[in-house]
Amino acid sequence: MPIPESYKLKCDYCIPQRYKHMALTSRKQPNIPACNIKTVPGDMTERGCAFAGARGVVGGPIGDCIQVIHAPAGCAWYQWGTRRNLSAIYAWAEPNKLCNDSHNRRRAITTDLKEKDVIFGGVKKLRDACLEAWRLIPGAGGILIYTTCTSGLIGDDCHSVAREVEAEIGKPVFVIDSPGLCGVSQSTGHHHFNVQFYDQMVQYRKRHPEVCMKEEEKTPYDINIVGDFNMDWDLALIKPLFEKLGCRIVCVFTGGERMRNLLKMPDAKLNVLHCQRSCTYISKLVEQGYEVPYVPVSLFGIEQSAKALRDVAKFFGSKEMMDRAEQIIEQEIKTITPALNFYRAKLEGKKVGMYVGGPRVWHWPKVMKELGMKVVFAMCTFAHEDDYEKINARQEDGVFIIDAPNEFEIEECLERFKPDLFLTGLKEKYLARKFGVPTVNSHSYERGPYVMFRGSINFARDIYQGIYAPVWKFTKDKDFM
Ligand code: CFM
């Protein structure tokens, strides 16, 4: 259904093509706004590029790989402190195989392509950069080479460099080709990373069968956690609960993971898929190639985390595991109830606007409900139709949704819907706060983790501290309309 006239944002009068990106949620007959299409010229989009999706989102969190950006130095900005996908390789490293630190977030490694390289090619520079990086970080588990717009356009044969370097260092060297210009948003880069990593992993396993898990090492309850990136230590709350359930975690794709564990991904029995935007692709490929099924889960909030544990136990069909799931859920709920009651009493009835990439806009409506809050508008940067289907299903009816909003649209929504809280990122936080609207960093969190049962309390605490911060008493006119 097209957006009713009264909901059309005034700021878009000169780019009316934006109106098809707006809708009102409906559980019965989902309203899907136009999405995952090119940005209209004149619309100052907040989307990222495909390379950002490949390097920044899916590949970057791998903890022990040297990540070489084959590009002019500017593209390498994405290596630096942009997203708190944490890793602790130092703590995990084996003696004598020390990787000095979780270097992938601390070091920007780039070939720094110049005009001369664009004309004559940058292949030699790439090989030298890989080998130099390897000398500097000898304990790394492998190398990931990324191309960006420049190296993509000049067409350097990065795969042949990868083979050469791989032979020299004896560790996997994969190439991820996802130049920024090759898609409409970072979502394309998620897809590219999934497909290309999968292909190269399959080939590497063929060339080096010793990296596969041996039959005698397998257990009946081996799982992978797929689509979790260890934002602010989310995995510290996810892993123990699945282990308590009786599962063994073979690898996490990709939060803080080591390359040698990732290469064993197809040897598990089940993929537990959290981010269904960025990682459904590889889950499907592993299912097709190795007959390893996947279960989609939401690991945010009480009801959804409980469902995730139950669904995994149900998949294995073990009565013992199902009983254990109930015990874990009961124990976790008992632990958090006093805190939850406190925050709920403070947050009951507060209005929330949310703007995240896509999945969190459908992961979180139930979390907000558990805190007694009401969502008044929801925005996604790069959601696809299946995300909007879930948003329609999980939000209340009549919530205003907008695809890939720009700054003017965000501003108008803040004015129009007057939320008590805006769940958003760092770019928009200053805008919202100038309007007197508290924000909570919804990508990397304020003080995470935010997942599972105990994470809900951290989330509630940050929301509470945001809304009740004494500073808002000093805003002259809270009613800024
Ligand atoms: Fe998946 Fe993510 Fe998200 Fe995402 Fe992102 Fe993210 Fe996100 Mo920021 S992988 S799609 S590309 S759940 S970084 S950890 S919070 S926009 S909704």
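The values are calculated or read from the model by the stated rules, or taken from the named source; none is laboratory data. For clarity, every value in this text was computed on a predicted model and none was experimentally measured. In this analysis, Cβ positions are derived from the backbone assuming ideal geometry, glycine residues included, and neighbour counts consider all displayed protein chains.
For the condition out of contact with any Lys or Arg (no Cβ under 6 Å at 6 or more places or on another chain) and within 13 Å of the ligand (Cβ to nearest atom), what is the one hit in 50, 71?
Sole residue among the options that is out of contact with any Lys or Arg (no Cβ under 6 Å at 6 or more places or on another chain) and within 13 Å of the ligand (Cβ to nearest atom): 50.
Go through the stretch 1-27 and give me each residue that's basic (Lys, Arg) and in contact with a helix residue (DSSP H, G or I) (Cβ under 9 Å, 6 or more places away or on another chain). Explain how you work it out, then say what you get.
Narrowing the stretch 1-27 to residues basic (Lys, Arg): 8, 10, 18, 20, 27.
Those that are basic (Lys, Arg) and in contact with a helix residue (DSSP H, G or I) (Cβ under 9 Å, 6 or more places away or on another chain): 8, 10, 18, 27.
Sort out for me the helices (runs of 4 or more DSSP H) sitting completely within the stretch 277-371 that have 2 or more residues that are crowded, with 16+ Cβ neighbours inside 10 Å and within 16 Å of the ligand (Cβ to nearest atom).
Counting at least 2 such residues, we get 280-290, 302-316, 359-363, 365-370.
So residue 58 clears everything in (1) within 16 Å of the ligand (Cβ to nearest atom); (2) modelled with pLDDT under 95; (3) closer than 16 Å to residue 145 by Cα except one condition, right? Which one?
Only one criterion is unmet by residue 58, namely (2).
Residue 205 - would you say it is out of contact with any strand residue (DSSP E or B) (no Cβ under 9 Å at 6 or more places or on another chain), surrounded by 15 or more Cβ atoms within 10 Å (Cβ to Cβ) and not aromatic (Phe, Trp, Tyr)?
Spelling it out, residue 205 is indeed out of contact with any strand residue (DSSP E or B) (no Cβ under 9 Å at 6 or more places or on another chain), surrounded by 15 or more Cβ atoms within 10 Å (Cβ to Cβ) and not aromatic (Phe, Trp, Tyr).
How many residues, within the stretch 9-31, are outside any loop (DSSP other than H, G, I, E, B) and over 15 Å from residue 409 (Cβ atoms)? Give the steps one after another, and end with the answer.
Filtering the stretch 9-31 down to residues outside any loop (DSSP other than H, G, I, E, B) leaves 10-12, 16-24.
Keeping just the survivors that are over 15 Å from residue 409 (Cβ atoms) gives 24.
Count: 1.
Scan 111, 147 and give me the residue that is among the polar types (S, T, N, Q) and over 25 Å from residue 263 (Cα atoms).
Numbers: 147 fails: over 25 Å from residue 263 (Cα atoms).
One residue alone meets the criteria, 111.
Can you pull out every residue in the stretch 313-328 that is touching a residue at least 60 places away in the same chain (Cβ under 8 Å) and touching a helix residue (DSSP H, G or I) at 6+ places or on another chain (Cβ under 8 Å)?
Selection gives 313, 321, 324, 325, 328.
Going by what's in this entry, would residue 45 be described as outside the structural domain of residue 278 (by TED's automatic domain parsing), modelled with pLDDT under 90 and within 16 Å of the ligand (Cβ to nearest atom)?
no
Does any residue in the stretch 383-402 that is closer than 14 Å to residue 366 by Cα come within less than 6 Å, Cβ to Cβ, of a residue that is part of a helix (DSSP H, G or I) and not charged (D, E, K, R) six or more places away or on a different chain, and which pairs are these?
390/362; 391/361; 391/362; 394/362; 394/365; 395/365
In the stretch 220-255, which residue that is surrounded by fewer than 24 Cβ atoms within 10 Å (Cβ to Cβ) and at positive phi is nearest to the ligand (Cβ to nearest atom)?
The qualifying residue nearest to the ligand (Cβ to nearest atom) is 232.
State whether one or more residues within the stretch 433-442 are of a type outside the set (Ser, Thr, Tyr), within 16 Å of the ligand (Cβ to nearest atom) and touching a residue at least 24 places away in the same chain (Cβ under 8 Å). Step through it out loud before you land on a result.
Start the filter on the stretch 433-442 by keeping residues that are of a type outside the set (Ser, Thr, Tyr), which leaves 433-438, 440-441.
If we keep only those that are within 16 Å of the ligand (Cβ to nearest atom) too, we end up with 440-441.
Now drop any that are not touching a residue at least 24 places away in the same chain (Cβ under 8 Å), which leaves 440.
Within the stretch 433-442 (the criterion being of a type outside the set (Ser, Thr, Tyr), within 16 Å of the ligand (Cβ to nearest atom) and touching a residue at least 24 places away in the same chain (Cβ under 8 Å)), the answer is yes, since at least one residue qualifies.
Among the residues that make up the stretch 144-158, is at least one of them in contact with a strand residue (DSSP E or B) (Cβ under 8 Å, 6 or more places away or on another chain), farther than 19 Å from residue 53 by Cβ and surrounded by fewer than 23 Cβ atoms within 10 Å (Cβ to Cβ)?
No, the stretch 144-158 contains no residue that is in contact with a strand residue (DSSP E or B) (Cβ under 8 Å, 6 or more places away or on another chain), farther than 19 Å from residue 53 by Cβ and surrounded by fewer than 23 Cβ atoms within 10 Å (Cβ to Cβ).
Limited to the stretch 372-384, what total is found for residues that are within 15 Å of the ligand (Cβ to nearest atom) and farther than 18 Å from residue 425 by Cα?
Total satisfying the criteria: 1.
Would you say residue 248 is closer than 22 Å to residue 201 by Cβ, basic (Lys, Arg) and touching a residue at least 60 places away in the same chain (Cβ under 8 Å)?
Judged against the criteria, residue 248 is not a match.
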